[in-house]
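The values are calculated or read from the model by the stated rules, or taken from the named source; none is laboratory data. These numbers come from a predicted model, not from an experiment. FYI the Cβ positions are ideal-geometry reconstructions off the backbone, even for glycines, and counts take in every protein chain you see. Side chains are part of the model used for accessible areas, which takes the heavy atoms of the whole protein and leaves out ligands, DNA and RNA. Shrake-Rupley method; radii C 1.70, N 1.55, O 1.52, S 1.80 Å.
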Amino acid sequence: MKGTGAGGDDATRATVEGLVSRETFRRLDLIAELLRKWQKTINLVAPATLPDVWSRHIADSLQLINHVPADVARWVDLGSGGGFPGLVIAAVLAERPGADVHLVESDTRKSAFLREVARVAELPVRVHAQRIELVAQTLAPGMQVVSARALAPLPKLLELAEPFLSAGALGVFPKGRDAERELTEARKGWTLDCDLRASVSDREARVLLVRSARRSSK
């Protein structure tokens, strides 16, 4: 589902439309529309990726749903930025009873964007315009999944996600071509129960699933 400009992105959009419900697709379309509108004044995503928003951002985020249990309803996304994967996840979970998606983004302008999209697209989202370290302990109990995309190298990411992982959440972390190297580095300080899975949107990327993580004894 990797796009190659406008034509490729139109194809990805059509593919996504065939994979999700009509209401979910409507929500995803609104996310893409509002992203393009807000991107004119706020740098939400890398400008070069905007023509490929469906393949580079929406489809890339959507695939994460395939790696979690079907009954997942409570999800927290760290460093949500332009809303990926958090807004996309919320668009899918909106049809599930008890859906509750938390987006943590300390940048006030980006958090304003996230709130506006959640309002317009009627997403089950709560935005926390605070640093991750300040809200993690409060949010962690009961969360089923914790995600983060392009937030930090894995050793640092595990530190940020530790309260959620320790409380039983599944870590779902999209990673790029350096996924193996990051995992090797992380294992110097952490004992991990995890899997690296292929990405459907980029042959060089991976999705890292972390079932448990504990700091290794010195």
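Would you check which residues across the stretch 1-39 are farther than 14 Å from V117 by Cα, of a type in the set (D, E, K, R) and modelled with pLDDT of 95 or more and list them?
If the condition is that a residue be farther than 14 Å from V117 by Cα, of a type in the set (D, E, K, R) and modelled with pLDDT of 95 or more, then R13, E17, R22, E23 are the ones that fit.
Which residues, taken from the stretch 165-181, are open to solvent by less than 30 Å² (accessible area, probe 1.4 Å), under 16 Å from R214 (Cα atoms) and either of a type outside the set (A, V, I, L, M) or at pLDDT below 95 (or both)?
Result: G171, single match.
Please pick out the residue among L151, L158 that is touching a helix residue (DSSP H, G or I) at 6+ places or on another chain (Cβ under 7 Å), on the phi < 0 side of the Ramachandran plot and either charged (D, E, K, R) or part of a helix (DSSP H, G or I) (or both).
The match here is L158.
Inside the stretch 45-61, can you point out the residues that are under 30 Å from P97 (Cβ atoms) and open to solvent by 20 Å² or more (accessible area, probe 1.4 Å)?
Within the stretch 45-61, just D60 meets the criteria.
Restricting attention to the stretch 99-117, and to residues there that are small (G, A, S) and open to solvent by 10 Å² or more (accessible area, probe 1.4 Å), which single residue is farthest from the chain's Cα centre (by Cα)?
Filtering first and then ranking leaves A112.
Looking at this structure, is I58 modelled with pLDDT of 95 or more and under 15 Å from V127 (Cβ atoms)?
No.
Do we find that G168 is in contact (Cβ under 8 Å) with a residue 40 or more places away in the chain, assigned to a loop (DSSP other than H, G, I, E, B) and under 21 Å from A99 (Cα atoms) in this structure?
no
Looking only at the stretch 150-162, decide whether some residue is of a type in the set (D, E), farther than 23 Å from T191 by Cα, free of Cβ contacts under 8 Å to residues at least 60 places away in the same chain and open to solvent by 20 Å² or more (accessible area, probe 1.4 Å).
No, every residue in the stretch 150-162 fails to be of a type in the set (D, E), farther than 23 Å from T191 by Cα, free of Cβ contacts under 8 Å to residues at least 60 places away in the same chain and open to solvent by 20 Å² or more (accessible area, probe 1.4 Å).
Could you identify the single residue in E116, E105 that is more than 14 Å from T24 (Cβ to Cβ) and in contact with a strand residue (DSSP E or B) (Cβ under 7 Å, 6 or more places away or on another chain)?
Answer to the selection: E105.
Of the conditions (1) under 19 Å from the mean Cα position of the chain (by Cα); (2) open to solvent by less than 20 Å² (accessible area, probe 1.4 Å), I42 clears all except one; give me its number.
Condition (1) is where I42 drops out.
Given the criterion assigned to a helix (DSSP H, G or I) and either under 13 Å from the mean Cα position of the chain (by Cα) or modelled with pLDDT under 95 (or both), identify the matching residue among V76, V88, V135.
Answer to the check: V88.
Suppose the filter is under 17 Å from K175 (Cβ atoms) and not aliphatic (A, V, I, L, M); does G79 pass it?
Yes, satisfied.
Checking V20 against (1) touching a Leu at 6+ places or on another chain (Cβ under 6 Å); (2) closer than 29 Å to L196 by Cβ: exactly one of these is not met. Which one?
That leaves (1) as the condition not met.
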